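Inspection log for the structure reproduced underneath, given as structure tokens.
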2 protein chains.
Amino acid sequence: MTDIHAQLAKAVGDTNLFAGDAIEDRYRTDLSGILRAEPGFVVRPRTVQEVAAILRAANAEGIAVTTQGGRTGTVKGAVPDKGAIVLSLERMSAIEELDPLSMTITVEAGATLQAVHEAAEAAGFLLPLDLGSRGSATVGGVISTNAGGLRAVRWGVARDMVLGLEAVLADGRIVTGLKKTLKDNAGYDWKHLMIGSEGTLGVVTRATLRLRPIPRTTMTALIATDGFDKVVALLRDLDIDLGGQLSSFEVMWQDFYQMITEANRAKRAPPMPASYPFYVLIEAMGGDPVGDPARFEAALAAAIERGQASDVVIAQSGRERDALWAVREDLMEPMRKLWPMFAFDVSVALGDMAATAERAITAIRGEYPNALILTYGHAGDGNLHFVVGVGDGSPAAEHRVDLAVYSAVAQAGGSISAEHGVGLTKRDYLGFSRTPDEIALMRILKAALDPGNILNPGKILPPSSSLQ
Amino acid sequence: MTDIHAQLAKAVGDTNLFAGDAIEDRYRTDLSGILRAEPGFVVRPRTVQEVAAILRAANAEGIAVTTQGGRTGTVKGAVPDKGAIVLSLERMSAIEELDPLSMTITVEAGATLQAVHEAAEAAGFLLPLDLGSRGSATVGGVISTNAGGLRAVRWGVARDMVLGLEAVLADGRIVTGLKKTLKDNAGYDWKHLMIGSEGTLGVVTRATLRLRPIPRTTMTALIATDGFDKVVALLRDLDIDLGGQLSSFEVMWQDFYQMITEANRAKRAPPMPASYPFYVLIEAMGGDPVGDPARFEAALAAAIERGQASDVVIAQSGRERDALWAVREDLMEPMRKLWPMFAFDVSVALGDMAATAERAITAIRGEYPNALILTYGHAGDGNLHFVVGVGDGSPAAEHRVDLAVYSAVAQAGGSISAEHGVGLTKRDYLGFSRTPDEIALMRILKAALDPGNILNPGKILPPSSSLQ
């Protein structure tokens, strides 16, 4: 028994410490499915004090710690290094308090997004953060990657919903700031440094999240449009016409729409022909069951009038709404065709979306003329997703496609990661969307908070010896 | 001529360097009006490169630098130390670019909020950040204090509108991250560390801000209510009923309403009697000129029905709207009665507002039975303002009132500063709303980014030798 083994056993007890063959496979990877290396230990603390004891021991011994939530990330941010300690928060999943007057919920970091949704909804509240992987993604995970999702156009991303945070620093210091206040300017707002830092600056253990009252109405429509300039104008005009109700604005390129509706044709008929260059799925949520649907229809009629919409289907029931969302979300089966595939999550200014997409697609086709490319995204947030299949899953092919996409993003001054994080997958491209001085500042912060470099080392920041 | 004088002259030119008697009085203080000490120099750079040269020189010589915007802060955050360099950004006030497609505006930090409003409005856009001091407050200032203002309930605070930032670090390094993207998770989001740090971590020189389309309708009403529990319920229910349109929700205690309307009676008749315990000024903004006013009225009728509103006045014209806002904003004359007065800007969870206010008021009256106390705030954000006159402006009296208010805030787990910052005025009370570990983490960040402690030293963080 090594010294660190004994210390970890003391911290969490023998029944929650695993090593060697006793480590289950799920701790070795994330949604990318790539096994990286053999972790030395898996620990499953139950309390923040246990997390602190684990980090104190790891810091003293200089052993890397990779924190895991639901392991539904896609950029290998939660994939451990060889010999590292995997710190799984799965046992810290309590919904601690829902405060209906203050409209907040305080939860442990290992709670799944879905568990928080259910607790909120039972009390009449909405946590607007929603993603496809809600059943496995944890609060700690969505905070560590600053996840965005389907309603960011109205309610923002994870960062915008975190009122209070508790985190453990590399040296085991527990920093607790579990405020329920919407405004707090009493000194540096350190929680924003933890949010989105992918477990490299601290371990998030608990959060207080802002809730909203559940809206009374939900209106959903699919809109076909014949140019991306019209998509941008449609967003601006619907934002005005719907007066604060627009909650989703998802764009799909023709290739995407065609492939998804074709592949799912046995399950459901396509809601409209695949003959249009762009499709937009919108949702609005309001408070007036009598007036809202009429206003929604009027806003869409006005969009047709202005030539921004060529075809419109409005969901008339919950079932029809699900069918429209399925066009955007029922991707698993259709995407098999593209396997082995490379997935991208980039963002650019709204005005640059069309040109950036075109430039990226042209560059990919320059390398691989027969590439299958699905383009879609949360257009309301300038967030583009590309899924690319070139019939070759090799690192060399991935690098060629990466360069094509990230060069287009860099040219528009965009971000290589809108909502998935950097992890290992995008690390070497950080310089495509951050200036050298920004990266230098990130290194200063990392060195200040984790001088021993034990927290998820090698994620986000390329090794210092590299060019960036 | 000292060495630093020569270096500063080289950086900005003789015509923008002032020392000794040549320093105008306005550079010595802020809105608190308290002269602190004699600065050594005032420099007025025109470019970010000049700012960098100033900081390099100051850092090399170990001379303090206090950055100034409009000097409309209230916590002495922009008041220089004796011998310090005042870095005034008044000449860096350009509106550089308004991008209508991306709905962003990029400006230099010295631009006033009003100048940005005017540029945005001329292009059909709204910058939702609005404060009484809009004519003097600068973009750099509102970012450095993370200002909130009158519409935070819908659009958030300054932090929520900053998409991109440029700042100069203590050593003169220029960090540029002027993104126009709404989502960016490519590494640590360092801009959030600068936002709200009151010039102690870097000098903000340029920002890209998110704009919104100008809403088509504005509806304003004053509501009287007979208990604070009803104020909280009213907020929640109006938030639902108005389905995303609620943009202001300002509460006034009876004392406040009575004093302001009495003192301004010669200018305008009070909109309703002063006999109610609480008054709420609400505003909603929407996109439907036909349907919005009716829906607004229906929501208020429902509030009366539920017993949440005892009396309601709806503005029927722009003039009536201004008159309702004057009840909340025309404070200068009435407040003279309280002089010398102490002003507070605290926040607590919505559910704790009434009890916290009552506890603070009781504690102040325990010390000063005849104290005049005005209580009001941005209730939609949990943000309370107290203005207290006890007929004694001495530091000892201020300290007694401070303790009364901040103890009540601490008991509710609130913040001693919602939107004004900490500066010098609240520095010694930081421990009332931050844990020792939070303050220790702030010190780590300050030491990492400003190892020579030249950036606005002594602001926010108490000297290390103090107990906190």
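The values are calculated or read from the model by the stated rules, or taken from the named source; none is laboratory data. Because the structure is predicted, anything quoted here is derived from the model rather than measured. All Cβ positions, glycine included, derive from the backbone under ideal geometry; neighbour counts span all protein chains shown. Side chains are part of the model used for accessible areas, which takes the heavy atoms of the whole protein and leaves out ligands, DNA and RNA. Shrake-Rupley method; radii C 1.70, N 1.55, O 1.52, S 1.80 Å.
Here are A:Ile416, A:Ile439: which of them is among the β-branched types (Val, Ile, Thr), farther than 22 Å from A:Ile260 by Cα and under 19 Å from the mean Cα position of the chain (by Cα)?
Matching residue, one of A:Ile416, A:Ile439: A:Ile416.
Take B:Asp130 and tell me if it is in contact with a Leu (Cβ under 7 Å, 6 or more places away or on another chain) and touching a residue at least 12 places away in the same chain (Cβ under 8 Å).
In short, yes.
Any idea how many residues of region B:348-376 are in a helix (DSSP H, G or I), hydroxyl-bearing (Ser, Thr, Tyr) and touching a residue at least 40 places away in the same chain (Cβ under 8 Å)? Walk me through it before giving the result.
Of all residues in region B:348-376, those in a helix (DSSP H, G or I) come to B:350-367.
Next cut, hydroxyl-bearing (Ser, Thr, Tyr) only: B:356, B:362.
Keeping just the survivors that are touching a residue at least 40 places away in the same chain (Cβ under 8 Å) gives B:356.
Looking only at that region, the number is 1.
Could you list all residues from region A:170-190 that are of a type in the set (A, V, I, L, M) and more than 7 Å from every other protein chain (Cβ to nearest Cβ)?
Within region A:170-190, A:Ala170, A:Leu178 meet the criteria.
Could you identify the single residue in A:Thr181, A:Thr138, A:Thr176 that is of a type in the set (Ser, Thr, Tyr), under 24 Å from B:Asp381 (Cα atoms) and either touching a Pro at 6+ places or on another chain (Cβ under 7 Å) or buried (at least 23 other Cβ atoms within 10 Å of the Cβ) (or both)?
A:Thr181
Looking at region B:386-408, can you tell me whether even one residue there is under 26 Å from B:Ile143 (Cβ atoms), aliphatic (A, V, I, L, M) and surrounded by 24 or more Cβ atoms within 10 Å (Cβ to Cβ)?
No.
Only one of A:Val401, A:Val405, A:Val390 is within 14 Å of chain B (Cβ to nearest Cβ) and at pLDDT 95 or above. Can you tell me which?
A:Val405
List the number of the failed condition for B:Gly149; all other conditions in (1) at pLDDT 95 or above; (2) over 21 Å from A:Lys191 (Cβ atoms) hold.
Unmet condition: (1).
Which of the helices (runs of 4 or more DSSP H) contained wholly in region A:284-338 include at least 3 residues that are more than 30 Å from A:Ser394 (Cα to Cα)?
Passing ranges, in order: A:292-305, A:318-329.
Restricting the search to region A:424-445, which residues are open to solvent by less than 50 Å² (accessible area, probe 1.4 Å), more than 8 Å from chain B (Cβ to nearest Cβ) and either at positive phi or modelled with pLDDT of 95 or more (or both)?
A:Arg427, A:Tyr429, A:Gly431
The rows are residues; the columns are (1) among the aromatic types (Phe, Trp, Tyr); (2) within 14 Å of chain B (Cβ to nearest Cβ); (3) under 16 Å from A:Tyr376 (Cα atoms).
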position: A:Asp239; (1), (2), (3): no, yes, no
position: A:Ser248; (1), (2), (3): no, yes, yes
position: A:Pro270; (1), (2), (3): no, no, no
position: A:Asp292; (1), (2), (3): no, yes, no
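Restricting to region A:92-132, give me the number of residues that are touching a Pro at 6+ places or on another chain (Cβ under 7 Å) and more than 14 Å from chain B (Cβ to nearest Cβ).
1
Looking at A:Val153, A:Val75, A:Val107 in this structure, which one is part of a strand (DSSP E or B), on the phi < 0 side of the Ramachandran plot and open to solvent by less than 40 Å² (accessible area, probe 1.4 Å)?
Going through A:Val153, A:Val75, A:Val107 in turn, the sole match is A:Val107.
State all residues of region A:350-372 that are crowded, with 23+ Cβ neighbours inside 10 Å and modelled with pLDDT under 95; if no residue qualifies, say none.
A:Leu350, A:Asp352, A:Met353
Restricting to region B:295-308, name every residue that is open to solvent by less than 40 Å² (accessible area, probe 1.4 Å) and more than 14 Å from chain A (Cβ to nearest Cβ).
B:Gly307, B:Gln308
Give the residues of region B:34-54 that are closer than 17 Å to B:His5 by Cβ and either in contact with an Asp or Glu (Cβ under 7 Å, 6 or more places away or on another chain) or outside any helix (DSSP H, G or I) (or both), sorted by residue number. Talk me through it step by step, then tell me what you get.
Step one: filter region B:34-54 for residues closer than 17 Å to B:His5 by Cβ, giving B:38-45, B:50, B:53-54.
Of everything in region B:34-54, those that are closer than 17 Å to B:His5 by Cβ and either in contact with an Asp or Glu (Cβ under 7 Å, 6 or more places away or on another chain) or outside any helix (DSSP H, G or I) (or both) turn out to be B:Glu38, B:Pro39, B:Gly40, B:Phe41, B:Val42, B:Val43, B:Arg44, B:Pro45.
Which one of B:Arg212, B:Arg173, B:Arg236 is of a type in the set (Lys, Arg) and without any contact (Cβ under 8 Å) to a residue 24 or more places away in the chain?
Answer to the selection: B:Arg236.
Please enumerate the residues belonging to region B:39-49 that are over 10 Å from B:Leu87 (Cβ atoms) and open to solvent by 30 Å² or more (accessible area, probe 1.4 Å).
Selection gives B:Arg46, B:Thr47, B:Gln49.
Only one of (1) closer than 21 Å to B:Leu182 by Cα; (2) touching a strand residue (DSSP E or B) at 6+ places or on another chain (Cβ under 9 Å); (3) not polar (S, T, N, Q) is not met by A:Ala186, so which one is it?
For A:Ala186, the exception is condition (1).
Just checking, does region B:123-134 include any residue being over 30 Å from B:Asp237 (Cβ atoms) and modelled with pLDDT under 95?
yes
Does B:Lys82 satisfy the condition of being open to solvent by 20 Å² or more (accessible area, probe 1.4 Å) and in a loop (DSSP other than H, G, I, E, B)?
yes
Which number in (1) farther than 29 Å from B:Phe432 by Cβ; (2) assigned to a loop (DSSP other than H, G, I, E, B); (3) over 12 Å from the mean Cα position of the chain (by Cα) marks the one condition that A:Asn146 misses?
For A:Asn146, the failing item is (3).
From the list A:Glu305, A:Glu283, A:Glu320, A:Glu262, exactly one residue is closer than 27 Å to B:Asp239 by Cα and acidic (Asp, Glu). Which is it?
A:Glu283
Go through region A:413-439 residue by residue and tally those that are of a type in the set (Gly, Ala, Ser) and within 27 Å of A:Lys82 (Cα to Cα).
Qualifying residue count for the region: 4.
Given A:Gly421, A:Gly458, A:Gly413, which one is part of a loop (DSSP other than H, G, I, E, B), open to solvent by less than 50 Å² (accessible area, probe 1.4 Å) and more than 11 Å from chain B (Cβ to nearest Cβ)?
Result of the check over A:Gly421, A:Gly458, A:Gly413: A:Gly458.
Can you go through B:Asp311, B:Asp322, B:Asp292, B:Asp345 and tell me which one is open to solvent by 20 Å² or more (accessible area, probe 1.4 Å), touching a residue at least 60 places away in the same chain (Cβ under 8 Å) and not aromatic (Phe, Trp, Tyr)?
After ruling out the rest, the residue left standing is B:Asp311.
Scanning for something facing chain A (nearest Cβ under 7 Å), touching a residue at least 60 places away in the same chain (Cβ under 8 Å), surrounded by fewer than 24 Cβ atoms within 10 Å (Cβ to Cβ) and closer than 27 Å to B:Leu87 by Cβ, does region B:216-223 turn up at least one residue?
Looking for residues that are facing chain A (nearest Cβ under 7 Å), touching a residue at least 60 places away in the same chain (Cβ under 8 Å), surrounded by fewer than 24 Cβ atoms within 10 Å (Cβ to Cβ) and closer than 27 Å to B:Leu87 by Cβ, one finds none in region B:216-223, hence no.
Evaluate region A:373-390: report whether one residue or more is over 25 Å from A:Met285 (Cβ atoms) and out of contact with any helix residue (DSSP H, G or I) (no Cβ under 7 Å at 6 or more places or on another chain). Lay out the reasoning, then the answer.
Our first condition is that a residue be over 25 Å from A:Met285 (Cβ atoms); within region A:373-390, this holds for A:373-375, A:386-390.
Then drop every residue that is not out of contact with any helix residue (DSSP H, G or I) (no Cβ under 7 Å at 6 or more places or on another chain), which leaves none.
No, that holds for no residue.
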